[in-house]
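S.K.: Here it is, the structure in full.
Nothing in this text is a laboratory measurement; each read-out follows from the coordinates by a stated rule. All values derive from a computational prediction rather than experimental measurement.
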Amino acid sequence: MIIDNCLFPDELFYDLEENVWIRRENDAVAIGITCVYAFIAGRVETVKFKPLVTFLERGKSVATIESARFFSAVRTPISGKLIKINKELVSAPSLANKHPYSLGWFAKILPVSRGEKIILGA
């Protein structure tokens with residue numbers, strides 16, 4: 001779907017309050033930022049992640065992003081254990097701007113709450 005020249009792939013689920021998306025990947029979910037978030041942030045210069053295996057509650061930071069004019073957290077829309085981070089974003093943070101729905105994904109989380117899995121269509 002395209003809204004005001006912004007792409008929102010149909011196969012993703014969105015948390016519009018936080019401007020993040022999630023995609024089911026077997027038992028885990030991948031998380032990334034929307035093109036709107038990428039635009040607001042400007043050219044992302046730094047990405048820092050929480051340590052692997054950290055338990056994250058819904059709404060808590062999985063990573064931070066920083067640009068010349070912006071600093072903010074990327075917040076998870078589900079609770080779970082952080083099982084993988086996109087290390088490419090550390091060395092090439094602009095992937096979050098250029099490819100927010102593919103190469104610019106941020107993290108993979110193993111959900112722990114059955115209720116939140118329902119949100120994902122399980």
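S.K.: For Cα pairs less than 8 Å apart in space and 6+ apart in sequence, what is the mean separation divided by the residue count of the chain, i.e. the relative contact order in percent?
M.R.: Value for the chain: 26 percent.
S.K.: Hey, any idea what the orientation-averaged projected area of the convex hull of segment 31-118's Cα atoms comes to, in nm²?
M.R.: Details: hull surface 20.9 nm².
The Cα convex hull of segment 31-118, projected and averaged over all directions, gives 5.2 nm².
S.K.: Let me ask something else. Would you mind checking which residues have amide H under 5 Å from S67's amide H? H placed 1.01 Å from N; only 5 or more apart, or other chain.
M.R.: Amide H neighbours of S67: E45.
S.K.: Subtract the Cα-Cα distance of E11 and A92 from 0.36 nm times their separation in residues, and report this length gain in nm to one decimal.
M.R.: Taking 0.36 nm per residue and subtracting the Cα distance, the gain is 26.6 nm.
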